[in-house]
Amino acid sequence: MPKNLSRIASTQFKWLTIMNELIRIKNLRKTFSSGFCLKDINFFTEKPTTFCILGKNGAGKSTLFQLMTGNLEPDSGEIRYNGELMLVDHYQIKRKIAYLPQKPALPLWVTPEEVLQYTACLHSLENMKENIKKNLDYWDCKEYSNRSLATCSHGMQKRVSLAITSLYDPEFLILDEPFSGLDLSHIYSLENYIERRKKEQKTTLLSTHIAPYAAKLCDEAYLLSHGELKKIDIWATSSYEDRLTLIRNYFTVMQEPSKIL
Amino acid sequence: MNKNFQTRIYMLLRMEFFSQLRMFQENLSKKITLLLCSLIVLALALYLYHDFAHTYLGPISSKLAKLSSYVAFFFLIAVGTFFLKKQIKTFLASEETTHSFAKTLGESDSLLKFYKFVLSPFLFLISYVPFWWVAIYFFGKFSTLTHIVMLFLPPLLIPFTFLKKKNVAKKDYILLNGKTSTPSRALLEWRYEQMWYKNKITKLLLLSASLLGIASPFFILNTKTELPSLSLIFLGSLSAGIALLIQIGKDFETIWLERMSGVSHEKYLTTIFQLANLIGLCLAFLTSLSFVILCFIPERNFVLSFSLLIKFITLSYIPVATVPLIVLQMDPRKVFFQSVILSVLSLFFSTLLLMEFSLFLLFPFVLSYAKKSQSNRFYTI
């Protein structure tokens, strides 16, 4: 009897732990025919946070994001969001996660307003018109909201993609190099947007090669190197300048973060 | 030509050569498989068409057989010209080509012109000549002079298509019309409206399909046989199917948007099924309407039967309805190959049904197999 009780208690405790975890990645592994592989990625976060994943080009960041968003099937391991297992066809979880790729391709012969309206319909958003207008205004897209996207520059298209994302404001947002192609005023808008999400207790994952933005905006940081993901433990307690030094030293002398500070 | 110029052009051509070589080396086995499969499907499509023109149309009317050869000849020439234009456009406009790279580095205009001049024959040989050769080998019914003219004239016309058009301000159609829709309805309307109002090629194909749907039954009056009319309605439905394939190809270039919005594989495929059925049924309706009108024409010397009406409806529906069965089997962005496969498969299905209509009962099994074999491909392509 006591044995049974302890087993039940242990199962319940395990379940409660899973329920409390916002995101958990356990022993995730993906190997490609080219030889590249992500080895036993482990990660978890209990509360909403803004964090970044740093790594050199080709480290596997985009692959990891594709796995996290369920667009790629892992060889082994699992990803859970609020205890729910992410699978390729679990579109109900996918609705809560947004991934903005580095170069988001948009349908070229439609207008920004139309593409936002389409997204609003797919998410069954209320007050659609006001929401679209608000987002187009925020990302400064109003001027060209009725022009074909084919006639818009890379930066203009990027702002439209950001407007799409902020339109339904997902619980978990992955931004892959979001600052590329944006001018200064829109970089400030993006910074404000990430800060606002932080205040609203929403999780944002940032992947950027621009150290000051990572140091300024992120509460946690991870390094992806040789297919392994490591948490930089001292990041949370470090100052802005220390974080910059940490990144600089890592990328110039490739030292382990724990040995830098 | 000074030595510096020679060195630079040599470096650029060398870079182009090795980049092409590396591109071919990357996934070599995948490329060879794709090439072999494409060649088999293309050869099959050509054989079927050739057989149709000679064995079936020939005995009915030599004029019709000749006409079908001309149609195939000019179709292949048109496809070759479009393919060459696409290659030139990629070569000139894509940011990833050696040409664009050299331009970004500030390379001189004269050198870039010379570089284009050297590479043009290769583009012409690889992209256009194979289509021209197949066209004259299988369907060449003209004089040698015409064949030579067809070899050079269409490629020479391509530069004119790049001329800047006058920027005429016009009020464009607003997709989804600013109104709220349910997700399923938005998925359907977004595609349907793009096909009709935004993409000129799909619009042209849909219009041709409608026209062929209306006109095809009337051909019976002149030919006294049903085959040309049935072929025309099949062609019409095939055009509509290709229009749908083009739209799906465009969808998959920007599919992150739907994936991010939690659109499921089932929902997407259902939308494609709905769209295909909608187009197929509209076409069947138009054909039936023409057929009914035909019944009122006096002094016709052809017996219009109910079974003939069923044949018309079947042929106007089958090619376009085949699209959802095949579209996610391979990459939907490869529209040309998808179109060839659609032609062969829909011809196969249509022939089966015309031979024995009760085979229609097998459709649920085909549908179930197609759904199973495409399962979750929406996420993984």
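The values are calculated or read from the model by the stated rules, or taken from the named source; none is laboratory data. It should be emphasised that the depicted structure is a prediction, and the values quoted were computed from it without experimental measurement. Cβ coordinates were reconstructed from backbone atoms using ideal geometry, including for glycine residues, and neighbour counts include every protein chain displayed.
Annotations for the structure displayed:
- Any hit, region A:87-106, residues being small (Gly, Ala, Ser) and in contact (Cβ under 8 Å) with a residue 60 or more places away in the chain: yes
- Output for region B:198-207, where each listed residue is of a type outside the set (Ser, Thr, Tyr), surrounded by 15 or more Cβ atoms within 10 Å (Cβ to Cβ) and either modelled with pLDDT of 90 or more or assigned to a helix (DSSP H, G or I) (or both): B:198, B:203, B:205, B:206
- Residue that is farthest from residue A:43 (Cα to Cα) [pool: residues in region A:201-231 that are β-branched (Val, Ile, Thr) and in contact (Cβ under 8 Å) with a residue 60 or more places away in the chain]: A:208
- In region B:208-231, residue nearest to residue A:162 (Cα to Cα) [restricted to those that are of a type in the set (A, V, I, L, M) and either modelled with pLDDT of 95 or more or surrounded by 19 or more Cβ atoms within 10 Å (Cβ to Cβ) (or both)]: B:209
- Subset of region A:88-130 that is part of a loop (DSSP other than H, G, I, E, B) and β-branched (Val, Ile, Thr) - its residue that is farthest from the other protein chains (Cβ to nearest Cβ): A:111
- Any hit, region B:270-289, residues being within 14 Å of chain A (Cβ to nearest Cβ) and either buried (at least 19 other Cβ atoms within 10 Å of the Cβ) or in contact with a Lys or Arg (Cβ under 9 Å, 6 or more places away or on another chain) (or both): yes
- Residue in region B:162-172 that is part of a helix (DSSP H, G or I) and either at pLDDT below 75 or away from chain A (no Cβ under 11 Å) (or both) present: no
- Counted residues, region B:33-48 - those being in contact (Cβ under 8 Å) with a residue 40 or more places away in the chain and either aromatic (Phe, Trp, Tyr) or touching a strand residue (DSSP E or B) at 6+ places or on another chain (Cβ under 9 Å) (or both): 0
- Note on region B:84-100: residues that are part of a helix (DSSP H, G or I) and within 14 Å of residue B:14 (Cα to Cα) amount to 2.
- Filter pass, residue A:69 being at pLDDT below 90, touching a strand residue (DSSP E or B) at 6+ places or on another chain (Cβ under 8 Å) and within 12 Å of chain B (Cβ to nearest Cβ): yes
- Residue in region B:223-240 that is within 13 Å of chain A (Cβ to nearest Cβ) and either over 29 Å from residue B:288 (Cβ atoms) or part of a helix (DSSP H, G or I) (or both) present: no
- The residues on offer are A:190, A:246, and the sole one that is modelled with pLDDT under 90, on the phi < 0 side of the Ramachandran plot and buried (at least 19 other Cβ atoms within 10 Å of the Cβ) is A:246.
- Taking region B:119-159 as the range and being hydroxyl-bearing (Ser, Thr, Tyr) and either outside any helix (DSSP H, G or I) or under 21 Å from residue B:92 (Cβ atoms) (or both) as the test, the residues that pass are B:120, B:127, B:128, B:143.
- Positions within region A:72-87 being out of contact with any Lys or Arg (no Cβ under 8 Å at 6 or more places or on another chain) and at the interface with another protein chain (Cβ under 10 Å from one of its Cβ atoms), in sequence order: A:73, A:87
- The sole residue among B:325, B:309, B:283, B:315 that is part of a helix (DSSP H, G or I) and farther than 17 Å from residue B:215 by Cβ is B:325.
- Residue B:310 of a type in the set (Val, Ile, Thr) and within 27 Å of the chain's Cα centre (by Cα): yes
- Those residues of region A:143-166 which are under 16 Å from residue B:257 (Cβ atoms), hydrophobic (A, V, I, L, M, F, W, C) and modelled with pLDDT of 90 or more, in sequence order: A:160, A:162, A:163, A:164
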